[in-house]
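A.B. asks: Below are the structure tokens for one structure; questions will follow.
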Amino acid sequence: MNDTKIEVIVGIFVLIGIAALTYLAVKLGKLEVIGSSHQRHIQAEFDSVAGLKAGSTVEIAGVQVGQVKGISLHGERALVTLALKPDVKIYGDAIASIKTRGLIGDKYVAITPGGSDKELPPGAKIRDTESGIDLESVIGEFIHGNVK
């Protein structure tokens, strides 16, 4: 009888531990299990997205408002799909830029939302984009004396 009680208590602790690990894996992995269908998708085309990955953050004024959902090739340019929170307003003259956190940090997309009267509908494309600086090519040009 006493052994059964200990086994039940140990079983409960094991289940609580598994639930806690699952919660941490979802939160730390930045997975969207609940509420992912309530996002707006906006697209942007860049000349180069070197270093940008799916899951990278999307920020406005330093505040995370979404994440990069996917990157694909569209002709000779990279097409980036951004999943944004539904309450974020992006206007027709918005600018999407690829930025680097720190000197050799992660890449992310920074959006200047714009100020025109026309808000971009879901699925629309941001026209003005700025590709990130490819640090390797800049260092290579500097080393080989090709700096202009």
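A.B. asks: Given a cut-off of 19 Å, name the pairs among LYS53/LYS118; LYS27/LYS69; LYS27/LYS99; LYS27/LYS85 whose C-alpha atoms lie farther apart than that in the structure shown. Don't jump to the answer; show the numbers that get you there.
C.D. replies: On the way: LYS53/LYS118 29 Å; LYS27/LYS69 17 Å; LYS27/LYS99 24 Å; LYS27/LYS85 17 Å.
In this structure, LYS53/LYS118; LYS27/LYS99 exceed 19 Å between Cα atoms.
A.B. asks: Suppose every Lys and Arg Cβ carries +1 and every Asp and Glu Cβ carries -1, with no other charges. What dipole size does the chain come out with about its Cα centre, to the nearest 20 debye?
C.D. replies: Details: 16 positive and 17 negative charges, 47 e Å.
Here the chain has a charge dipole of around 220 debye.
A.B. asks: Nearest 500 deg cm²/dmol is fine: what mean residue ellipticity at 222 nm does the chain get from its DSSP H runs of n ≥ 4 alone, each adding -39,500 (n - 2.57), divided by its residue count? Let's see the in-between values first.
C.D. replies: Numbers: 2 runs with 36 residues, N = 148.
My calculation for the chain gives -8000 deg cm²/dmol from helical runs alone.
A.B. asks: Summarise the long-distance tail of P(r) for the chain by giving the % of C-alpha pairs beyond 29 Å.
C.D. replies: Values: 3892 of 10878 pairs.
When every Cα pair of the chain is considered, 36 percent fall beyond 29 Å.
A.B. asks: Using Cβ contacts closer than 10 Å as the measure, can you line up THR4, THR22 from fewest to most?
C.D. replies: Values: THR4 8, THR22 11.
Arranged by neighbour count, lowest to highest, THR4, THR22 become THR4, THR22.
A.B. asks: Quick one: length gained pulling LYS99 to THR22 fully straight, 0.36 nm per residue minus the C-alpha distance? Don't jump to the answer; show the numbers that get you there.
C.D. replies: On the way: separation 77, 0.36 × 77 = 27.72 nm, distance 3.17 nm.
Net length gain for the segment: 24.5 nm.
A.B. asks: Let me ask something additional. For LEU15 and ILE139, what does the FRET efficiency come to when R0 = 30 Å and r is the distance between their Cβ atoms, rounded to the nearest 0.05? Before the final figure, lay out the partial values.
C.D. replies: Numbers: r = 52 Å, r/R0 = 1.73.
So, using R0 = 30 Å, E works out to roughly 0.05.
A.B. asks: Using only Cα atoms and rounding to the nearest 10 degrees, what angle (0 to 90) does helix 2-28 make with the longest principal axis of the chain?
C.D. replies: 10 degrees
A.B. asks: OK, next. Short version: ³J(HN,Hα) in whole Hz for each residue of the range 75-82, in order, from phi by Karplus 6.51 cos²θ - 1.76 cosθ + 1.60 (θ = phi - 60°), x for Gly and Pro, what are they?
C.D. replies: The phi angles translate into x, 10, 10, 8, 9, 10, 9, 10 Hz.
Read-outs: derived from the displayed coordinates by stated rules, not from any lab. Only a predicted model underlies this, so the values are computations on that prediction, with no experimental measurement involved. Cβ sites come from the backbone with ideal geometry, for glycine too, and all protein chains shown count toward neighbours.
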